[in-house]
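Okay, so here's the structure we're looking at.
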Amino acid sequence: MTPALADPAALAAEAAEFQRRVGAGLATLARLPPVELATTPREVVRRDGKTTLYRYRPLARAAGGPPLLIVFAFVNRPTVLDLQPDRSTIRRLLAAGRDVYLLDWGTPDRGDRHLGLADYTLGYLHRAVAALSAEHGAVDLLGVCQGGTLALIYASLEPRHLRRLVTMVTPVDFGTPDNLLASWARGVDVDLLVDTYGNVPGELLNVTFLSLMPFRLTLQKYLALVDGADDPRQLENFLRMERWIFDSPDQPGQLFREFVRTFFQENRLVRGGATVAGRPVDLRRLTMPVLNVYATQDHLVPPSASRPLGGLVGSRAYEEHVFDGGHIGIYVSSRAAAVPDAIAAWLARD
């Protein structure tokens with residue numbers, strides 16, 4: 001059968017409507033005030049090199065228990081955890097009465113290009129934990145994405161200050177076949193990349209992430225924006241996400257080299273043999289309670305990369321919380337509030 005031809009009049013009307021929506025959206029964008037991220041009140045507790053330890057002001061009566069220290073990835077900023085008041089992992093934790101701290105890695109510059117895993121785990125992270133421990137005793141640790149991998153390393157080397165550990169969309173097995181980012185990283189000449197750039201440009205990594213799912217993360221996203229072009233609130237949400245996505249600090253060169261080689265290329269958390277400052281990283285030393293949070297539709301850290309943690313830790317109190325969504329949706333989607341609520345409830349156990 002000969003396929004039916006599209007009606008030219010219908011096509012013209014659809015094109016005109018699309019153009020109208022684009023025009024309306026541009027007009028609305030021009031009237032919007034600058035968007036703000038990370039508006040939850042906080043104060044600086046200590047500075048250490050480029051890193052800053054923040055403490056958030058309470059929003060509810062204290063639930064008791066140790067403070068919760070959040071460690072984010074080096075890619076992008078932790079502002080996604082406090083994107084806006086009604087979509088904020090940090091606000092939900094505060095509303096549950098948790099005492100929340102955040103270790104912000106800051107913006108590495110050329111002077112930081114020789115800093116590696118030991119500097120960030122046994123250096124900056126350890127000093128932050130030790131400072132909190134000196135004041136409060138035990139500390140609960142929440143590691144997010146790459147920050148979760150750093151938290152696992154730290155917890156295996158220095159477990160004595162930690163009461164409970166939460167990992168969130170954290171890669172553990174870097175060798176699973178459905179891990180698109182790991183497939184890319186395994187083919188990278190990491191020595192050439194770091195020796196050429198010093199620190200690895202955030203813009204380069206951003207382009208890499210977008211290229212993993214180019215239609216969904218570029219064209220589809222902007223086409224969906226047109227459908228909501230008449231809604232100022234939706235446009236503000238879009239601008240917040242765009243501001244966060246493209247705010248990508250460079251990664252310290254030596255850290256990037258060690259992380260890619262040890263985990264992406266050699267998969268040492270699963271195979272064993274990882275060392276930091278000459279000390280073996282053994283996840284069997286994690287005997288504290290562990291909660292592993294992962295997302296079913298995560299394209300950067302698929303469930304197959306996170307779930308193996310349960311078979312590697314030495315803890316008998318290992319649990320999982322599964323979020324039905326993606327790597328970014330776990331922070332900002334309409335269903336995301338269930339995640340910090342579950343974390344807070346788990347932390348509140350005796």
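The values are calculated or read from the model by the stated rules, or taken from the named source; none is laboratory data. Source: prediction; values computed, not measured. Virtual Cβ from ideal backbone geometry, glycine too; neighbours counted across all protein chains shown.
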**Asked** Would you say Thr287 is at pLDDT 95 or above, surrounded by fewer than 20 Cβ atoms within 10 Å (Cβ to Cβ), more than 30 Å from Asp189 (Cβ to Cβ) and in contact with a Ser or Thr (Cβ under 9 Å, 6 or more places away or on another chain)?
**Response** yes
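Yes/no per residue for (1) at pLDDT below 95; (2) assigned to a strand (DSSP E or B); (3) in contact with a strand residue (DSSP E or B) (Cβ under 9 Å, 6 or more places away or on another chain):
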position: Asp298; (1), (2), (3): yes, no, yes
position: Gly314; (1), (2), (3): no, no, no
position: His327; (1), (2), (3): yes, no, yes
position: Val339; (1), (2), (3): no, no, yes
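Can we say Gly23 is modelled with pLDDT of 65 or more, of a type outside the set (Ser, Thr, Tyr) and at positive phi?
no
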**Asked** Just to be sure, is Asp99 at pLDDT 95 or above, under 16 Å from Gly148 (Cα atoms), in contact with a strand residue (DSSP E or B) (Cβ under 9 Å, 6 or more places away or on another chain) and not small (Gly, Ala, Ser)?
**Response** no
**helices (runs of 4 or more DSSP H) contained entirely in region 226-290, each with at least 1 residues that are more than 23 Å from the chain's Cα centre (by Cα)** = 232-245, 268-271
**Prompt:** Using beta carbons and a limit of 7 Å, which pairs, at least six apart or on different chains, have the first residue in region 262-282 and closer than 14 Å to Ala155 by Cβ and the second one polar (S, T, N, Q)?
**Reply:** Ala274/Thr262; Val276/Thr121; Val281/Ser156; Val281/Thr275; Asp282/Ser156
